[in-house]
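Following: one structure in structure tokens, then a few remarks.
The values are calculated or read from the model by the stated rules, or taken from the named source; none is laboratory data. All values reported here derive from a predicted model rather than from experimental measurement. So basically every Cβ, Gly included, is an ideal-geometry build from the backbone, and we count neighbours across all protein chains shown. These area figures cover heavy atoms from the full protein model, side chains too; ligands, DNA and RNA do not enter into them. Shrake-Rupley method; radii C 1.70, N 1.55, O 1.52, S 1.80 Å.
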Amino acid sequence: MYIYDSVKKTKLLFEPIKEGEASIYVCGPTVYDDAHLGHARSSLAFDLLSRTLRSLGYKVTLAKNFTDIDDKIIKKVEETGKSIKEITSYYIKRYLEEMAALGVQRADIEPKATESLQAIEAMIQNLINKNCAYVISTGDVYFDTTRDSHYGEISHRVGEDEDNQSRIAHTSEKRNPKDFALWKACKGEEDICFDAPFSSGRPGWHIECSAMIEKYFHGNDKYSIDIHGGGADLLFPHHENEAAQSRCATGHELAKYWMHNGFVQIDGEKMSKSLGNSFFLKDALKAYDGEVLRYYLNSVHYRNDFNFNEEDLLTAKKRLDKLYRLKKRVSPGKGSTVNKTFKKALLDAMSDDLNISIALAVIDEMVANTNDVLDANPKDKGLKKETLANISFIDELLGFGGKEPFSYFQIGVDEALKEKIETLLAERIEAKKEKDFSRSDAIRDDLTAMGISIMDTADGTVWEKA
RNA sequence: GGAGCCAUCGCCAAGCGGUAAGGCCGCAGCCUGCAAAGCUGCUAUCCCCGGUUCAAAUCCGGGUGGCUCCUCCA
């Protein structure tokens, strides 16, 4: 397995801390609002990573956190009058449901900040003891970035001039503009606070990830985990700060490899709350099938930016449709053994820093070849069984193709419509028997107008929702 | 003001120094009552200008254009 390390900026052979195992920590969402397509992209990218590593035989432990205490959540509490627990548990549930609709496998560990306070406090105390952090008059605790000689190496901002034209405003008693909050002291009675030796307050954003990693992973004397991942926007300051505090607290590096996924853009611009062009996943799932969205969002290499648009999504769907038509052709039945060459080609592609484009091309080739053989020999039972096995391997590795093929083409069609379609098809068969082609064509036109396309096959007429 | 990333066929998209994958669209053909589906064939020298090399889309330098980070962000 080769992985592109976004800190070293090069592709590296994956050599895990422990032979045959892979520990991965991915920064999850702050749960104060619905997930958008960017969350989906990130989830999908690391889902592909863990699936690939598992298929390669690694014992994967994937952790993905939920930040459930934060300024934005508190703001939401103030706005809605709901309890923090109500808000966070609602959005966590929604997040998990929506990711499940995309076929994202659950993480093995899903830590929450509020459930990791002991670990967080312990790490902060440790940093204070080591003189890597300091408490200011308000009770806030800051990390002293000058205490970390490697600060800036993650985001390649070593020796950068402090602020100059930077947009960061400096207030407070921070010793250095780059210092960041490990702990935010209570602002007032309305604030949500937890007791800690240094002050009553709550954790800063960055500390939870470092603390949770120490809590759940053990690593070795050089690294806590194998891979740390997240969106490209987290490189700085989030991951820079995580790396710094972990280094000071543990004496070694946080992660051996760093992976960052690209953005989802809308009309060529980053999708973000502040630009007002967010696309909620829930809205996308109302309009499109989750599996199609998965295929589409995963069809571009994870490191590249992704320009979301409906036209490309429909093109992706056409490609997925072809796989399902083949599956329809070889169903029903039981799969036998996956074709070795096919399996190797897929794994080789994914082993190269998750080269999904090659993997999809390998699948297209398999589909075309199989259709070709089946055209000549429609009853090739051995091939049919092998093809079913191939498709279920695709489902295992890439997370699509697992549905029953006839139902795949009937998504969004209710029973009433189904009956109507069947009636029309029966009429058309009658018309065809009587060689009344103008009538049968008229019925086909009606179906087309209803968004239904039909195909006459040796086994009768089948239909699909366009 | 500082730091990066990207630029390949009409569209999406691989390529990681050895002579341009794949998909969509389009055209031609096979199949079909006609279609659809499926199959076959056809369609690019890689933003521009220099340089390194026997060899560059791939490396280096300079342009041009787009995006991102330095503020919450996946």
Checklist entry - Are any of the residues in segment A:39-56 open to solvent by 40 Å² or more (accessible area, probe 1.4 Å) and either without any contact (Cβ under 8 Å) to a residue 60 or more places away in the chain or not assigned by TED's automatic domain parsing to the domain that holds A:I227 (or both)? => result yes
Checklist entry - When you go through (1) free of Cβ contacts under 8 Å to residues at least 24 places away in the same chain; (2) buried (at least 16 other Cβ atoms within 10 Å of the Cβ); (3) not in a helix (DSSP H, G or I) one by one for A:D33, which number turns out not to apply? => result (1)
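For segment A:249-270, which residues satisfy the criterion of being more than 10 Å from RNA strand B (Cβ to nearest atom), in contact (Cβ under 8 Å) with a residue 40 or more places away in the chain and open to solvent by 50 Å² or more (accessible area, probe 1.4 Å)? Working first, answer last.
Initial filter on segment A:249-270 (more than 10 Å from RNA strand B (Cβ to nearest atom)): A:249-259.
Next cut, in contact (Cβ under 8 Å) with a residue 40 or more places away in the chain only: A:249, A:254-259.
Selection gives nothing.
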Checklist entry - Inside segment A:428-465, can you point out the residues that are part of a helix (DSSP H, G or I), of a type in the set (D, E) and open to solvent by 70 Å² or more (accessible area, probe 1.4 Å)? => result A:E430, A:D445, A:D446
Checklist outcome for this item: Here the residues within segment A:383-427 that are among the β-branched types (V, I, T), open to solvent by less than 60 Å² (accessible area, probe 1.4 Å) and within 19 Å of A:G290 (Cβ to Cβ) are A:I391, A:I394, A:V413
Item to check | Residue selected from segment A:425-466 under the condition within 8 Å of RNA strand B (Cβ to nearest atom) and under 17 Å from A:Y324 (Cβ atoms), by the criterion modelled with the lowest pLDDT | outcome: A:T457
Checklist outcome for this item: In segment A:44-74, residues that are closer than 23 Å to A:I356 by Cβ and near RNA strand B (Cβ under 8 Å from one of its atoms) total 0
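From the list A:V362, A:V373, A:V367, A:V413, pick out the single residue that is in contact with a helix residue (DSSP H, G or I) (Cβ under 8 Å, 6 or more places away or on another chain) and at pLDDT below 95. Spell out the reasoning first.
On the way: A:V362 fails: at pLDDT below 95; A:V373 fails: at pLDDT below 95; A:V367 fails: at pLDDT below 95.
None of the others qualify; the one that does is A:V413.
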Checklist outcome for this item: How many residues of segment A:40-98 are basic (K, R), under 27 Å from A:F306 (Cβ atoms) and in a strand (DSSP E or B)? The answer is 1
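Open to solvent by 80 Å² or more (accessible area, probe 1.4 Å) and free of Cβ contacts under 8 Å to residues at least 40 places away in the same chain: is that true of A:N369 in this structure?
Values: open to solvent by 80 Å² or more (accessible area, probe 1.4 Å): yes; free of Cβ contacts under 8 Å to residues at least 40 places away in the same chain: yes.
The answer is yes for A:N369.
Have a look at A:K318, A:K328, A:K322, A:K344 and point out the one that is more than 8 Å from RNA strand B (Cβ to nearest atom), open to solvent by 50 Å² or more (accessible area, probe 1.4 Å) and either in contact with a helix residue (DSSP H, G or I) (Cβ under 6 Å, 6 or more places away or on another chain) or free of Cβ contacts under 8 Å to residues at least 60 places away in the same chain (or both).
Values: A:K318 fails: more than 8 Å from RNA strand B (Cβ to nearest atom); A:K328 fails: open to solvent by 50 Å² or more (accessible area, probe 1.4 Å); A:K322 fails: more than 8 Å from RNA strand B (Cβ to nearest atom).
Answer to the check: A:K344.
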Item to check | Any hit, segment A:191-212, residues being open to solvent by 20 Å² or more (accessible area, probe 1.4 Å), part of a strand (DSSP E or B) and in the same structural domain as A:L48 (by TED's automatic domain parsing) | outcome: yes
